[in-house]
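The values are calculated or read from the model by the stated rules, or taken from the named source; none is laboratory data. Remember, it's a predicted structure, so these values are computed and weren't measured experimentally. Reconstructed Cβ throughout: ideal geometry from the backbone, glycine too, with neighbour counts over all protein chains shown. Heavy atoms of the whole protein, side chains included, go into the accessibility calculation; ligands, DNA and RNA do not. Shrake-Rupley method; radii C 1.70, N 1.55, O 1.52, S 1.80 Å.
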Amino acid sequence: MSESPRDGVQSWEESMSARERIRSVAETLREPRSVNWISNQADTAWSTTNEELQDLVEQGRLRRVETDNTTLYQPDYTRMLFEEIRTLIEENSREELRSELAAITDEIEAWQETYGVETWEELEQSLADGDLSSTEIRERRDVLAFWQENEEDRRLIRHALALYSDVESAREQHTDLAEGATS
């Protein structure tokens, strides 16, 4: 008997609870979506989806957007930004962040030199060059994706470095308060 490619592999629906699937879908939205849409994507009952979305709104993780006769939901992008910055600060030393920033900058400078462009947008425009082979086009598309990701990472790291001292100070103040309360 032949084994199907899915034998022994759980789908995400089987490995996550309904509420986990709803959170996974809702917190990765790129545009506001309805309860029906989220319910369909998460493969969950409308009532469960609606209840979980209300909980996520109350927790401040999602925002409710009212349009015409429809209520849509989207992640709280501001909160997500600050959580990403906080995670960078908590999981990395200042020096590690500086090193990563330097590595990203080195990689971008290498692409600038290799392709004779200053920005990823210019590299993207070069895709229309009729002299490129399909291999060169695929290579440039891959570089484009990495370049855009690097730009986002660089932006986040810069924010983390700018806020590093403030976060450390707040953490120390919290620790001092906690120690004072226990003594």
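Only one of the listed values, [x] 15.9, 49; [y] 19.5, 81; [z] 22.6, 73, was derived from the coordinates as Rg and Dmax of the Cα atoms in Å; which label is it? For Rg and Dmax of the Cα atoms in Å, the calculated option is [z]. Overall, the ratio between the Cα radius of gyration of the range 46-85 and 2.2 N^0.38 Å, rounded to two decimals, is 1.27. Dividing the summed helix terms, -39500 (n - 2.57) for each DSSP H run of n ≥ 4, by the number of residues in the chain produces a 222 nm estimate of -23000 deg cm²/dmol to the nearest 500.
If packing is taken as the average count of other Cβ atoms within 10 Å, what order do 109-122, 140-153 fall into, highest mean first? List each step's numbers first, then the result.
Working: 109-122: 13.1, 140-153: 15.1.
Listed from highest to lowest mean packing, they are 140-153, 109-122.
Between Arg63 and Gln74, Asp76, the built amide H atoms are under 5 Å apart, and every one of these is 5 or more places off in sequence or on another chain. Rolling a 1.4 Å probe over the heavy atoms of the protein chains gives the chain an accessible area of 69 Å² per residue. When a 1.4 Å probe is rolled over the protein heavy atoms, the share of accessible surface on the chain that falls to carbon and sulfur comes to 45 percent. Fully extending the segment from Glu113 to His159, taken as 0.36 nm per residue of separation minus the present Cα-Cα distance, adds 13.9 nm. Which of Asp131, Asp43, Asp76 moves the most in a Gaussian network model of the chain with Cα springs under 10 Å? Looking only at Asp131, Asp43, Asp76, the biggest GNM fluctuation is shown by Asp131. Legend: calculated FRET efficiency, Trp46 to Glu66, from the Cβ-Cβ distance at R0 = 25 Å, rounded to 0.05, equals 0.85.
With all protein chains in place and ligands, DNA and RNA left out, the 1.4 Å accessible area ranks Arg33, Arg21 as Arg33, Arg21, largest first. Step through the residues of the range 18-34 one at a time and calculate ³J(HN,Hα) from phi using the Karplus curve (6.51 cos²θ - 1.76 cosθ + 1.60, θ = phi - 60°), rounding each to whole Hz and writing x for Gly and Pro. Rounded to whole hertz, the list is 4, 5, 5, 5, 4, 4, 4, 5, 5, 7, 10, 5, 9, 8, x, 9, 7.
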